[in-house]
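Novice: Supplied in structure tokens, the structure appears directly below.
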Amino acid sequence: MNESIPYGKQYIFPEDIEAVTQTLLSNWLTQGPAVPRFEEQVAKYCQVGHGVATSSGTAALHLACLALGLGPGDRVWTSPISFVASANCARYCGAEVDFVDIDPESFNLCANKLAEKLADTRRKGGKLPKIVIPVHFAGQACEMTAIAALGKEYGFRIIEDAAHALGGTYQGQPVGCCEYSDITVFSFHPVKSITSAEGGMALTRDTELAETMRRLGSHGISRDSARLHHSADGPWYYEQQELGYNYRLSDLHAALGFSQMRHLPDFIARRRQLAEGYREALKALPLRMQQPLPGIDSAHHLFVIRVARQRRDALFQSMQQAGIAPQVHYIPIHTQPYYQAMGFKQGDFPIAEAYYQEAVSLPLFPSLQDEQQRHVIQVITQTLGS
Ligand SMILES: *Cc1c(COP(=O)(O)O)cnc(C)c1O
């Protein structure tokens, strides 16, 4: 038996390797030309003014929160069905986190529940969120028009966690265009739409926000003469005016990301084809799939099925025994010990918790072979069909 079929993995072409090698042989391993070139490429693809490359998607989320002025005493709301980074970015800033339960069909943060929770919080005189972070789960965008309208009404800012959604669209526009948000964040971790190994990017239409994120991602240092507090001592002069971080992406990573971006349309097309294959082959079985919504093209990052909770663990096991390595996305964030220590309890977000008992992520990545997919489908059919 070969290695198990994973739920996701990267696809590296010879020209990607060549691009990294060329950068290794160049004068710049970091802070060279590859980073701005990658930033411009992604921003152009997303039809947005600015891209700020970062060392990870998590770093981009942190910078996005900082740039929007998040701090102690503030609150961030996000989805409990996400990777922990969607909530942790608020904690890095000393802000508090709360969650909005998911929609049982789209698995995304539910816009109706968000509206109810906002109205309820205002009525009770509670603390409204400063930032809401919708997560485009599995690559399918959230209901951004509704969320943006609530943002106007209640005065919160919006960061799209689009770690799953590079290559997807919403109402005919690419995810990342920031029509409905202040900042959109991507991750280039190997399982995502494209990879730079580690890496991320924050996109925005707002020049000021882009400059702030860039500065805070490089120690809080500025060389811009218009911003300096003192007159420059000489050409070497720079000022650190605030506390920043080293969240820069290296040129090696950016060269890989740039090369990978050229495969993005093909990657997404293959993912879509595989997702449609699963949808068709599994439609008669006792399971549920993420409901596709009109006006949204998913980037097909994950293919999640929901099976009755009594059968989920058995299905997971039979897949493992058949040489498949499925996953579960995600353990609800509020049930993690770190968040339970803040007072969150089992039962706080029942739809997310029920989802978690039933979910399995099937293998879905561009190099998954038809034959491998048939094997996955056969194992599921045998386990659930009887
Ligand atoms: C991958 C991921 C992140 C974090 O990205 P990294 O690049 O691994 O830091 C954040 N949010 C979601 C939803 C993710 O899937």
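Novice: Could you identify the single residue in Arg227, Arg214 that is more than 16 Å from the ligand (Cβ to nearest atom), among the basic types (Lys, Arg) and part of a helix (DSSP H, G or I)?
Specialist: From the options Arg227, Arg214, the qualifying one is Arg214.
Novice: A follow-up question, please. Could you tell me which residue of region 165-204 is surrounded by the most Cβ atoms within 10 Å (Cβ to Cβ), considering only residues that are within 16 Å of Asp266 (Cα to Cα) and within 8 Å of the ligand (Cβ to nearest atom)?
Specialist: Lys192
Novice: Cβ-Cβ under 7 Å, sequence separation 6+ or interchain: first residue in region 126-154 and more than 11 Å from Leu109 (Cβ to Cβ), partner within 16 Å of the ligand (Cβ to nearest atom) and assigned to a helix (DSSP H, G or I). Which pairs?
Specialist: Final answer for the pair search is Ile131/Cys65.
Novice: Can you work out which of the residues in region 39-70 that are away from the ligand (no atom under 16 Å from the Cβ) and of a type in the set (A, V, I, L, M) is nearest to Tyr247 (Cα to Cα)?
Specialist: Top of the filtered list is Ala67.
Novice: Continuing with the same structure: Would you kindly identify the helices (runs of 4 or more DSSP H) lying entirely within region 269-386 that contain at least 2 residues that are among the polar types (S, T, N, Q) and at pLDDT 95 or above?
Specialist: Those helices (runs of 4 or more DSSP H) span 309-321, 370-385.
Novice: Taking the condition within 16 Å of the ligand (Cβ to nearest atom), touching a helix residue (DSSP H, G or I) at 6+ places or on another chain (Cβ under 7 Å), of a type outside the set (Val, Ile, Thr) and part of a loop (DSSP other than H, G, I, E, B), does Ser106 pass?
Specialist: No.
Novice: Shifting gears a bit: Within region 302-316, does at least one residue satisfy the condition of being touching a strand residue (DSSP E or B) at 6+ places or on another chain (Cβ under 9 Å), more than 23 Å from Cys110 (Cα to Cα) and among the basic types (Lys, Arg)?
Specialist: Taking every residue of region 302-316 in turn, at least one turns out to be touching a strand residue (DSSP E or B) at 6+ places or on another chain (Cβ under 9 Å), more than 23 Å from Cys110 (Cα to Cα) and among the basic types (Lys, Arg).
Novice: Continuing with this model, one more query. Identify, from the list Leu150, Leu203, Leu128, the residue that is part of a strand (DSSP E or B), of a type outside the set (Phe, Trp, Tyr) and farther than 18 Å from Asp297 by Cα.
Specialist: Checking each option against the conditions leaves just Leu203.
Novice: Same structure, new question: Take region 96-128 and flag every residue that is over 19 Å from the mean Cα position of the chain (by Cα) and among the acidic types (Asp, Glu).
Specialist: Scanning region 96-128 gives Glu96, Glu105, Glu116, Asp120.
The values are calculated or read from the model by the stated rules, or taken from the named source; none is laboratory data. Since the model is a prediction, treat every value here as computed from it, not as a measurement. A quick note on method: Cβ atoms are made from the backbone with ideal geometry, for glycine too, and the neighbour counts reach across all protein chains shown.
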